[in-house]
Structures are given as structure tokens and as C-alpha cells.
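These notes concern the structure reproduced below.
What follows is calculated from the coordinates using simple rules that are stated; it is not laboratory data. What you see is a predicted model, and the numbers here were worked out from it, not measured in a lab. No Cβ is skipped: glycine too gets one built from the backbone with ideal geometry, and neighbour counts run over all protein chains shown.
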Amino acid sequence: MQAIENETAAGDEVKILLDMDDVPRAWYNILPDLPAPLPPPLHPGTKQPVGPDAFEPIFPKEIIRQELSGNATEPIPEELREALEQAGDARDAQALDALRASLRADKRELERALGEALDERRDHAGAAELTRKLMFLDKLDAEIDLAYETLEA
């Protein structure tokens, strides 16, 4: 584990960089620890309770499952852990630059496909899957930023 301190306009900032062995393998879910269950989500128009299927046009099924799960932990997908490890293992700026360029090209293609899925095909399920992939690429891009900071430290 390594701490990197930066001074920003908002004040001091400390980032903790974890070795891959220290990166959590599961997300903590607060729902089981609440004193009472949350009320069900309400439809914005009818103000009536809605079930998980109401969110499927917007979110991937796996995200809905995780959000409504009663499990104390939810496993972090192995593909995300592997991508984070690869970004962290890249110890030179050239490798990070190449990875970022590849990510941005993938992101542009996914954004194009997302627009097509929504505008031309009205494929909400497909759009939700593309959105999940874009969110994954955003997380990976943030990890590349941390890898750059490690190089500078």
C-alpha cells in the first residue's frame, strides 16, 4: 500500500494505492445492515411501487440484482479485477499511453453503438449492456490516472 499526497485548491488530498493482493474481492452491501428494509422504489408518474423489471430498460440486470440483493457482499467481477491489475502493472508512461489510446478508441465505438441502439433500433436492453461496458471503461480509465500518479511519485 502506498499513500500519495497532493495539495489541491480544495485542500490536501491523500490517495491510497493498493497492491492487487489488497484490493477487495467483493463490494460491501449496506442493505442487510439497515435497521429496517428500504421502501420499494416508486414509479415517477404513478407514485406506485415498482419491481425490478421496471429498471431493465435503464440498467443491466446484473446491476439491478446487485442493488436489490440481500447479500452482505457482492463479488467484484473478475474481468474488472484483471483490468485493474493490468493497469497497475504498467509501470511506464508509454504502456499507459497505449492502453489509454486503446480504451478511448473502444469507448468511441461503444458510444456510437449506444446512440444507434437508442436512436435507430430503440433497443433498450442492448443500450443498457453498452452502458455497462462504458462504465467499466470509465473505471479502468480512472485506474490509469492512478497509475500515472504512481509513476510521478
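Structure data summary
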{"read-out": "Cα convex hull of the stretch 77-153, projected area averaged across orientations, nm²", "value": "5.1 nm²"}
{"read-out": "5 angstrom amide H check on Leu17, placed H, neighbours 5+ away", "value": "Gln2, Ala3, Ile4"}
{"read-out": "Long-range HN-HN contacts of Thr73 with modeled amide H, under 5 Å", "value": "Asn29"}
{"read-out": "Sum of -39500 (n - 2.57) over DSSP H runs of 4+, divided by residues of the chain (222 nm, nearest 500)", "value": "-17000 deg cm²/dmol"}
{"read-out": "Folded to 0 to 90 degrees: helix 78-89 orientation relative to the chain principal axis, Cα", "value": "20 degrees"}
{"read-out": "Isotropically averaged projected area of the chain, using the convex hull of Cα atoms (one quarter of hull area), nm²", "value": "12.6 nm²"}
{"read-out": "Folded to 0 to 90 degrees: helix 93-119 orientation relative to the chain principal axis, Cα", "value": "20 degrees"}
{"read-out": "Eligible lysines near Lys139 by straight Cα distance, threshold 30 Å, same-chain separation 8 or greater", "value": "Lys15, Lys61, Lys107"}
{"read-out": "Calculated FRET value between Glu82 and Thr46, using beta carbons and R₀ = 35 Å, to 0.05", "value": "0.25"}
{"read-out": "³J(HN,Hα) computed for each position of the stretch 18-30 - Karplus, 6.51 cos²θ - 1.76 cosθ + 1.60, integer Hz, glycine/proline x", "value": "9, 5, 4, 5, 9, 5, x, 9, 8, 8, 7, 10, 6"}
